[in-house]
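Here's the structure, in structure tokens; my notes come after.
Throughout, read-outs are computed from the coordinates displayed, never taken from laboratory work. Note that the structure is predicted; figures quoted are calculated from it, not measured. All Cβ positions, even for glycine, are placed from backbone atoms using ideal geometry, and neighbour counts span all protein chains on display.
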Amino acid sequence: MTSEPIGAALNRNVGSPTAPGEGVEGQIDAFIAQREKERIRAEGDRRAEEAWKESSQRQERARRNALAWEWLRFYLAKIERRERTKAVQDAEDQREIRRYRKMLGMDPEWDGTPYEAAS
């Protein structure tokens, strides 16, 4: 019988005896960091590019939204101006109709419907 504890042969402590695996974790972290630097050099920083793209899209949506509000205000004002103009023109036309009816000896308030025949 040996004095080694059971499973001692499977101990693959490649780091320090007090913190097993620390050396390997450091190497893995260094490898990942190196690959990330290489990718950034080749492709550029994705996060910065994505953030810029999102920011640009937000600004474009805000710009289109502001333009849509301006066009809406324009057309609403246009309709309001047209309605005011039409009301003024209709009033002028009604005045002229009354004037000519009066000139012709007609009832100025008559709306043009035929009189009912007297029975």
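Give me the net charge of Leu72's neighbourhood, meaning all other residues with Cβ under 13 Å from the Cβ of Leu72; Lys, Arg count +1, Asp, Glu -1.
+1
Rounded to whole Hz and in sequence order, give me ³J(HN,Hα) for region 79-85 from the Karplus expression 6.51 cos²θ - 1.76 cosθ + 1.60, θ = phi - 60°, writing x for Gly and Pro.
My calculation for region 79-85 gives 4, 4, 4, 4, 5, 5, 4 Hz in order.
What nm value, rounded to one decimal, do you get for the distance between Ile28 and Glu50 when each label is placed 7 Å out toward the C-beta?
Each label point is offset 7 Å from its Cα along the Cβ direction, giving 2.3 nm.
In sequence order, what are the phi-derived ³J(HN,Hα) couplings for region 59-73 according to the Karplus relation 6.51 cos²θ - 1.76 cosθ + 1.60 with θ = phi - 60°, rounded to whole Hz, with x for glycine and proline?
Using θ = phi - 60°, the values come out as 5, 5, 4, 5, 5, 5, 5, 4, 5, 4, 5, 4, 5, 4, 4 Hz.
How large is ³J(HN,Hα), in whole Hz, for each residue of region 43-52 in order, when computed from phi with the Karplus curve 6.51 cos²θ - 1.76 cosθ + 1.60 and θ = phi - 60°, using x for Gly and Pro?
After applying 6.51 cos²θ - 1.76 cosθ + 1.60, I find 10, x, 6, 4, 4, 5, 5, 5, 5, 5 Hz.
Grab the other residues whose beta carbon is less than 15 angstrom from that of Lys37, score K and R as +1, D and E as -1, and report the net.
0
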